[in-house]
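For reference, the structure is listed below as structure tokens.
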Amino acid sequence: MLRIDVITIFPELFEPFRKLGVLGGAVEKGLLELEAHDLRRFTQDKHRTVDDIPYGGGPGMVMKPEPLVEAIEAIAGRKGPERNARVVLLSPQGTPFSQEVAENWARDEHLVLVCGRYEGIDQRVIELAVDQETSIGDYVVSGGEVPAMAVIEAVSRFVPGVLGNPESARTESFQERMLEGPQYTRPVDYRGQIVPPVLRSGDHGRIADWRKKQARNRTQERRPDLINRDEAQQRKPRGED
Ligand code: JDQ
């Protein structure tokens with residue numbers, strides 16, 4: 001079974017998150033364990049300090065190493081280099097998180113997600129206690145918590161039993177390197193916009209062909225990089241991470 005531990009100065013952000021939706025159901029059914037730990041519990045001083053000024057100068061603050069390394073050691077259950085958990089730091093400097101990475105991490109026993117804040121974390125934490133850094137995209141948010149939630153949702157969808165239908169996670173979008181086409185539900189006419197008649201024709205062959213064409217056209221228009229993915233990544237073989 002997969003256990004996910006999160007290290008954060010804002011553990012309360014994860015309380016509603018772990019109760020709701022598909023993830024809440026999975027935690028309740030015992031398909032997955034999820035716990036958020038308050039980094040300040042691993043401080044020693046009376047002000048429970050987790051940050052300090054950057055060496056070399058510059059704006060903002062940096063997360064100091066001691067609380068983070070001690071939290072990771074306590075939670076990942078590791079003192080030396082022996083690995084029983086995968087320790088991941090959310091970071092704009094990470095390698096790209098993807099559907100494929102999510103599928104691989106869902107096969108782990110123990111995932112520890114480390115959330116920074118401020119301008120980032122002391123490099124020695126990464127050297128001493130982090131296995132890999134991952135980025136959810138090329139934009140900067142204010143801390144690792146929202147990226148961690150994205151990772152948790154994407155990974156948990158691959159945990160057996162989490163989605164009702166075991167096909168759902170695979171068939172959706174990116175595994176096939178295609179965007180989804182448009183979807184419709186009732187009513188047939190909404191403010192003069194009608195559902196494409198082919199979808200109401202009952203001809204399953206024509207419906208499948210139409211959906212494939214829509215998906216191909218949309219992918220070519222919006223995400224041509226998905227169509228030529230291996231070339232775009234200089235023929236880097238897939239299936240790593
Ligand atoms: C942290 C910050 C200035 C980072 C602090 C910790 N994909 C992705 N985007 N943003 C993050 C990840 C992320 C993750 C952890 C974070 C951003 N920040 C804010 C501020 C420079 C770098």
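The values are calculated or read from the model by the stated rules, or taken from the named source; none is laboratory data. On a predicted model such as this, the values are computed, not experimentally measured, just so you know. Neighbour counts are summed over all protein chains in view; Cβ atoms, including those assigned to glycine, are modelled from backbone coordinates with ideal geometry.
Of the residues making up region 185-233, those that are closer than 25 Å to Glu100 by Cβ and of a type in the set (Lys, Arg) are Arg211, Lys212, Arg216, Arg218, Arg222, Arg223, Arg229. Yes or no: Val198 at pLDDT 95 or above and more than 30 Å from Glu66 (Cα to Cα)? Considered against the rule, which asks whether it is at pLDDT 95 or above and more than 30 Å from Glu66 (Cα to Cα), Val198 comes out as yes.
The residue list Val112, Val151, Val155, Val140 contains one member that is at pLDDT 95 or above, of a type outside the set (Phe, Trp, Tyr) and within 9 Å of the ligand (Cβ to nearest atom), which is Val140.
Of everything listed in (1) modelled with pLDDT under 95; (2) assigned by TED's automatic domain parsing to the domain that holds Asn84, the single unmet condition for Ser135 is (1). List the residue pairs whose Cβ atoms are under 7 Å apart, where the first residue sits in region 94-109 and is more than 25 Å from Gln123 (Cα to Cα), the second is modelled with pLDDT under 95 and away from the ligand (no atom under 16 Å from the Cβ), and the two are 6 or more positions apart or on different chains. As it stands, the answer is Gln99/Phe174; Gln99/Gln175; Glu100/Arg238, since those pairs meet every condition given. Among helices (runs of 4 or more DSSP H) entirely within region 1-98, having at least 3 residues that are within 16 Å of the ligand (Cβ to nearest atom) singles out 65-76. Of all residues in region 116-136, those being free of Cβ contacts under 8 Å to residues at least 40 places away in the same chain and farther than 14 Å from Lys64 by Cβ number 1. It is to be established whether one or more residues within region 54-77 are modelled with pLDDT under 95 and in the same structural domain as Glu35 (by TED's automatic domain parsing). Taking every residue of region 54-77 in turn, at least one turns out to be modelled with pLDDT under 95 and in the same structural domain as Glu35 (by TED's automatic domain parsing). Is region 122-129 home to any residue that is near the ligand (Cβ under 6 Å from one of its atoms), out of contact with any Asp or Glu (no Cβ under 6 Å at 6 or more places or on another chain) and assigned to a loop (DSSP other than H, G, I, E, B)? Within region 122-129, none of the residues are near the ligand (Cβ under 6 Å from one of its atoms), out of contact with any Asp or Glu (no Cβ under 6 Å at 6 or more places or on another chain) and assigned to a loop (DSSP other than H, G, I, E, B). Taking residues in region 149-167 that are under 14 Å from Leu34 (Cβ atoms), and partners anywhere that are modelled with pLDDT of 95 or more and of a type in the set (Asp, Glu), not one pair has Cβ atoms closer than 7 Å while being at least 6 places apart or on different chains.
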